[in-house]
1. Considering the range 400-423 alone, what residues qualify as being in a helix (DSSP H, G or I) and surrounded by fewer than 22 Cβ atoms within 10 Å (Cβ to Cβ)?
2. Of the residues that make up the range 104-127, is at least one over 18 Å from R60 (Cα atoms), part of a strand (DSSP E or B) and either free of Cβ contacts under 8 Å to residues at least 24 places away in the same chain or not assigned by TED's automatic domain parsing to the domain that holds K222 (or both)?
3. Quick one: in the range 11-32, which of the residues that are hydrophobic (A, V, I, L, M, F, W, C) and modelled with pLDDT of 95 or more is nearest to I397 (Cα to Cα)?
4. Filter the range 192-228 down to residues that are in contact (Cβ under 8 Å) with a residue 24 or more places away in the chain, in a loop (DSSP other than H, G, I, E, B) and of a type in the set (S, T, N, Q), then give me how many there are.
5. The conditions are (1) at pLDDT below 95; (2) under 24 Å from T220 (Cα atoms), and E78 fails exactly one of them. Which is it?
6. Residues in the range 249-268 that are closer than 18 Å to T298 by Cβ, surrounded by fewer than 24 Cβ atoms within 10 Å (Cβ to Cβ), of a type outside the set (K, R) and in contact with a strand residue (DSSP E or B) (Cβ under 9 Å, 6 or more places away or on another chain): how many?
7. Considering only residues of the range 166-219 that are among the β-branched types (V, I, T) and out of contact with any helix residue (DSSP H, G or I) (no Cβ under 7 Å at 6 or more places or on another chain), which is farthest from F33 (Cα to Cα)?
8. In the range 144-165, which residue that is modelled with pLDDT under 95 and of a type outside the set (S, T, N, Q) is farthest from the chain's Cα centre (by Cα)?
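The values are calculated or read from the model by the stated rules, or taken from the named source; none is laboratory data. Predicted model, so just to flag it, every value in this text is computed and none were measured. Note: ideal-geometry Cβ built from the backbone for every residue, glycine included; neighbour counts use all protein chains shown.
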Amino acid sequence: MKKNTSFLPVKHGLHGDIYVPGDKSISHRAVMFGSLAKGKTVIENFLDGEDCLHTIEIFRKLGISIERSRSSVEINSEGFKSFQEPLTPLYLGNSGTTARLMPGILVALPCYTVIYGDPFLTVRPMDRVVTPLKQMGAQIDGRKNGNFLPLSIRGTTLTGIEYKLPVKSAQVKSAVLLAGLFAEGETTVIEKAKTRDHTENMLRAFGADIRVKENAIRVTNKNDLTACNVTVPGDISSAAFFMVAAAVVPNSRITLKNVGLNKTRSGILDVLLDMNATIHITNQRKISGELLGDVTVTYSHLKGTTIASELIPRLIDEIPIIALLATQAEGTTIIKDAEELRVKETDRINAVIDVLSTLGANIEEQKDGMIIHGKTSLTGGKIKSYSDHRIAMMGIIASLITEDIVTLDDTSSIAVSYPRFFEDLKSITNE
């Protein structure tokens, strides 16, 4: 499904179990760290979405042997020192994670590289990564002094720094920590608020010299990375769409299996509970250093809430679907301190306002978020995806409860993070 696809509301509840695809953030990092490590790394439940496949192709171009069979990936590497200078520029597609993390590796390579992305990635800010890397001695140039892709990078000797993150961004944190693995001395990143910590967890698993104390993370170049196997938990950001579907479609009950429950990512669960959703979590366990479990959500009468401050980094990618959730809650929901949404795949604040307003929601745009007045009956209509996978999926989940047909201009972006979204949707609608 791609251009101008129409979706009908459902006539009954949603029921079933869903195994959501592997976590996108962890899949990216597993390929990166497995390529940097010496030995054989096997990744299970890898997300075979377009973004993560671009990351695999980049490391192949750097000379690393990577074999993939659907959601299983095998990496054989002699480590960082075996990387080769790529013959052509490295294409990132639409992957913001790859764009922000790769410079942290490339700045230390003894070679020259160029990275570039699609038109949407090309307008996303890169200075937030380039600035600290240049403080470490990196040689980076690019459009508007390295503020935007494409970037030109010539590897050099790096020196560790202490860097206080000016934005709540796990991507920026990770880029600096990656560069710190190859820098002389100690590199310290200090966060204002805790962001997703997959990089820290995985660096420990691969044997890096890393220490975490409260909001300060320190790494050195003392230890080379050693290969290990990784099992990727289900992506809570993908699961969030079906959690909300179950919460807003009457007579629904859906179980999301093997979902990642990392505390730095599970803000969506806190919001659902605060809004009076019925949630049960079972089968909790740790695999590859990450907590996961089965999450069952049942339809319930919802109430508004306020989402702000330190909660935002724990659910930044889920805000579009949370906004839809809020349209079905009694009272007012306020989302603030989320200005980071302005520089995602699109301006997600503007996109959410446009889509939900078109569908009949009572929603106000704010500089750093939005105010949603509920409960509102959604009507239907023609909406835009903004070439953003999370906006497209939000629009489709909204169509389950609209009074009329919803027509979406383009669904192709969904393949970025959730290639089998439509199969899983069909499995719970039984239509």
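1. Within the range 400-423, S412, A415, F422, E423 qualify.
2. no
3. L14
4. Within the range 192-228, residues that are in contact (Cβ under 8 Å) with a residue 24 or more places away in the chain, in a loop (DSSP other than H, G, I, E, B) and of a type in the set (S, T, N, Q) number 4.
5. For E78, the failing item is (1).
6. Here the count works out to 3.
7. I190
8. Applying the filter and picking the extreme gives K144.
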